[in-house]
Amino acid sequence: MLNNITNILTDLLGPTGPLIAVGILGILLALGTLPILMKTKPDPLDKLKKTRADEHAGKSQQALRTATGHDKLEKFSNFLEPQDEEEYSSIQLKLLQAGYKSKNAVRMFFFAQFSMGLGFLALGLIYTMANSGDGDVSVKKMMMTVLIPGVVGYMAPKYWITRRVDERKEAITNGFPDALDMMLVCVEAGQSLDQSIIRVATEIRAGFPALADEFQIVAQEMKAGKDRIQVLRDMSERAGVPDVTSFVTVLIQSTTFGTSIAEALRVYAAEMRDKRVMRAEEKANTLPTKMTLATMMLTVPPLLIILIGPSVYGIYVLLSSAKL
């Protein structure tokens, strides 16, 4: 029976008929499963928690807190967002380190993965169907042309986030020594640490916007009355940079033991300047090694042609005259 179905599909759609049928069936099954997953019944425990929250905080405050009026993906949150709290926290932290601070960032990230995966899979299927009419195409090649675009589309948002995290960490690392020097000047001029952070966030925004955003968040949280130590620890976690983590540790120790913040900043700022010089020297020292391969590829072949080319041509001429 299976062979008969295969023969019928081959006669109707060509050599790739079985693969096309399997692809269409998979897409139909995925589309048919989505409504079932999206229309999941609410958990009674979640209803009870929401009712209690409404009773304690008020419905108006709860509406302001959720703010789901303009979020079209809110009803798909159970499908798009991971239900495990630890997994959700790790993805949210990575998005924060990439600079995406929206509360819907996790939802949008998984929606981008899902939509791009299906979109690229459909493009691969269309490409396979367009190129299969000219001749026989192997099943392995068809599977590769269909599945590889889908995998690329699914992994593209993750790759983009990873690149953004690396670029943002590098930008924070490059701008941190200058920010410390400016903060030291502000503290020694008589300003408090909170005022110094606000001033630094304003001054360095043109050159280092990522670091300015982090200092701005710290300043706003301190104004809101949040504990300073917790605010600094949150900053180090969001930045994900070892230099910022060490800076936060220095400030926490200075606040805990009552030592001078200006003195701690002076010592740490000098250390950061030395580390920046060391990083520059390290990159300069690795440059000759990186240029070795390019130098050999661009210099050695022309040199060999110039030196050995005439001899090879002379030998060729002698052998040709000897044969004659």
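Per the Cauchy relation, a quarter of the hull surface: what is the mean projected area of the convex hull of the alpha carbons in the range 226-317, in nm²?
Working: hull surface 37.4 nm².
Across all orientations, the range 226-317 yields a mean hull projection of 9.3 nm².
Rounded to the nearest 0.05, what FRET efficiency do SER311 and ALA284 have when you use their Cβ-Cβ distance and R0 = 45 Å? Rounded to the nearest 0.05, the efficiency is 0.65. In terms of accessible area, using a 1.4 Å probe and ignoring ligands and nucleic acids, PHE215, PHE257 rank largest first as PHE257, PHE215. Cβ-Cβ distance of GLU87 and GLU237, R₀ of 30 Å, FRET efficiency by 1/(1 + (r/R0)^6): the value works out to about 0.95. Direction-averaged projected area, Cα convex hull, the range 275-324: 4.0 nm², rounded to one decimal.
Length available on full extension from LYS103 to LEU25: 0.36 nm per residue minus the Cα-Cα distance, which gives 24.5 nm. Counting protein heavy atoms only, the range 249-302 has 68 percent of its accessible area on carbon and sulfur, 1.4 angstrom probe.
Which value results when the Cα radius of gyration for the range 165-313 is divided by 2.2 N^0.38 Å? Against the compact-globule rule of thumb, the ratio is 1.57.
Sequentially through the range 309-315, phi angles give Karplus couplings (6.51, -1.76, 1.60; θ = phi - 60°) of x, x, 5, 5, 5, x, 5 Hz, Gly and Pro residues having no value and appearing as x. Protection proxy ranking, highest mean first, for peptides 102-109, 312-319: 102-109, 312-319, where packing is the per-residue count of other beta-carbon atoms within 10 Å, averaged. I want to make sure I understand the PRE zone here: with the label point 7 angstrom from the Cα of TYR127 toward its beta carbon, which residues in the range 147-186 have backbone N atoms less than 12 Å away? Hits in the range 147-186 for TYR127 at 12 Å: 147-153.
How many times 2.2 N^0.38 Å is the alpha carbon radius of gyration of the range 146-225?
Working: Rg = 18.0 Å, N = 80, 2.2 N^0.38 = 11.6 Å.
In units of the globular-protein estimate, the range 146-225 measures up at 1.55.
Can you give the FRET efficiency to the nearest 0.05 for GLN253 and ALA156, using r as the Cβ-Cβ distance and R₀ = 56 Å? E between GLN253 and ALA156, to the nearest 0.05, is 0.85.
The values are calculated or read from the model by the stated rules, or taken from the named source; none is laboratory data. In this text the structure is predicted, and so the values were computed from the model without any measurement. So basically every Cβ, Gly included, is an ideal-geometry build from the backbone, and we count neighbours across all protein chains shown. Ligands, DNA and RNA are excluded from the accessible area calculation, which covers all protein heavy atoms including side chains. Shrake-Rupley method; radii C 1.70, N 1.55, O 1.52, S 1.80 Å.
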